[in-house]
1. Report the charge-dipole magnitude of the chain in Debye, nearest 20, computed about the Cα centre from +1 at each Lys and Arg Cβ and -1 at each Asp and Glu Cβ.
2. What FRET efficiency comes out for the pair LYS10/PHE175, r = Cβ-Cβ distance, R0 = 35 Å, nearest 0.05?
3. Quick check on packing: order 31-40, 273-282 by the mean number of other C-beta atoms within 10 Å, highest mean leading.
4. Using bins 5 angstrom wide from zero, how does P(r) for segment 1-136 break down, in % of all Cα pairs?
5. Hey, what's the per residue convex hull volume over the C-alpha atoms of segment 77-153, in cubic angstrom?
6. What are the semi-axes of the equivalent ellipsoid of segment 1-60, taken as the square roots of 5 times the eigenvalues of the Cα gyration tensor, listed largest first and rounded to whole Å?
7. With respect to the cross-link table entries LYS180/LYS231; LYS9/LYS281; LYS207/LYS237; LYS180/LYS237, which display a Cα-Cα separation exceeding 22 Å?
8. For the chain, what does -39500 (n - 2.57) per DSSP helix run (n ≥ 4), summed and divided by total residues, give at 222 nm, in deg cm²/dmol to the nearest 500?
Amino acid sequence: MSLAYVGEKKFYCRGVSLSAKEWGIVGSNPVIALHGWLDNAATFDRMIPHIKDMHILALDSAGHGLSDFRSPDASYDLFQEIQDVTSIAKQMNWDRFSLIGHSRGALIGALVAGAFPRLIARLFMIDGHISVAGENHDAARQLGKSIREEQLFTSQNPTFFTTFGEAVTARANGFLPLEKDAAEILAKRGVRKCDRGYYWHNDQRLKCSPSLRLTVGQIKNFLTAVAAPTKMILANKGIFVDLKNSDQHMKKYINPRIHITNFVEEEMDGGHHLHLESRAKDVAYSISEHFGLIV
């Protein structure tokens, strides 16, 4: 039996209201699903109905979808999101739960699993390698860049479109292109209308560089601390496959399979958003398999 959509759920985490799409049955495998950068909880809409025996909260991260923006004195660094995930689990009275993450959500999932290994039962990553920090000698430049960008984006308006369709097309042709019908699914949750037109309701500060980056050694420490069985889908037309086994890959990304003890990687035909496009059912099957739900 496929998972049914239950409805919207709200959580309050350190003064921020976070929205989530709730799927499945209370009492089955508890899961928090984390979307990628500038996406929203609807990224899992095509995939989740093909899963069974789970209770999934597909979260809108702060600054995305229907969730609040963070206050002007707060930032969007990864550690804020780690706290949000653990806070939501506590509000749900989940002593142990699993994580599904796409892209940036996969990175956050890996960091949560490393910081709280006893909390996380299983981790499933969709096309999400771990971005590497700058070197120690780059810290001053990185902080300066981050502050300048925050000053810029704090005062910047979003791009306005005349029609909803134009907003969808812009997303489909964006930095990480995706099929137009997939972009429309994200837009139904992420686009709003005002007197100036249609716009994507994401906090502009999400475009800022982080003030500080984890070092390579720190990232490896998080990954080696992951105790949960972990599986990653690598999209063969995604953003990471060209970096596989290359010098550039080693400079920009750390492949978690090298450092997570119980790790399986599966390459699948599709783009970076394959779970929202034509491979939604296949990704769902891979998740069910990883959770031991395939008989």
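Coordinate-derived values only; no laboratory data. This one's a predicted model, so the numbers in the text were calculated from it and none came from an experiment. Using ideal geometry, Cβ is built from the backbone for each residue, glycine included, and neighbour counts are taken over all protein chains shown.
1. Numbers: 34 positive and 32 negative charges, 77 e Å.
Its charge dipole is roughly 380 debye.
2. Computed FRET efficiency for LYS10 and PHE175 comes out at 0.70.
3. Details: 31-40: 25.2, 273-282: 21.7.
My ranking of the peptides, most packed first, is 31-40, 273-282.
4. Distribution as computed: 2, 10, 22, 25, 22, 13, 4, 2, 1, 0, 0 percent.
5. Values: hull volume 8.5 nm³, N = 77.
Measuring per residue, one finds 111 Å³ for the Cα hull of segment 77-153.
6. Output for segment 1-60: semi-axes of 20, 14, 8 Å.
7. LYS180/LYS231; LYS9/LYS281; LYS207/LYS237
8. Values: 8 runs with 88 residues, N = 295.
Dividing the helical sum by the residues of the chain leaves -9000 deg cm²/dmol.
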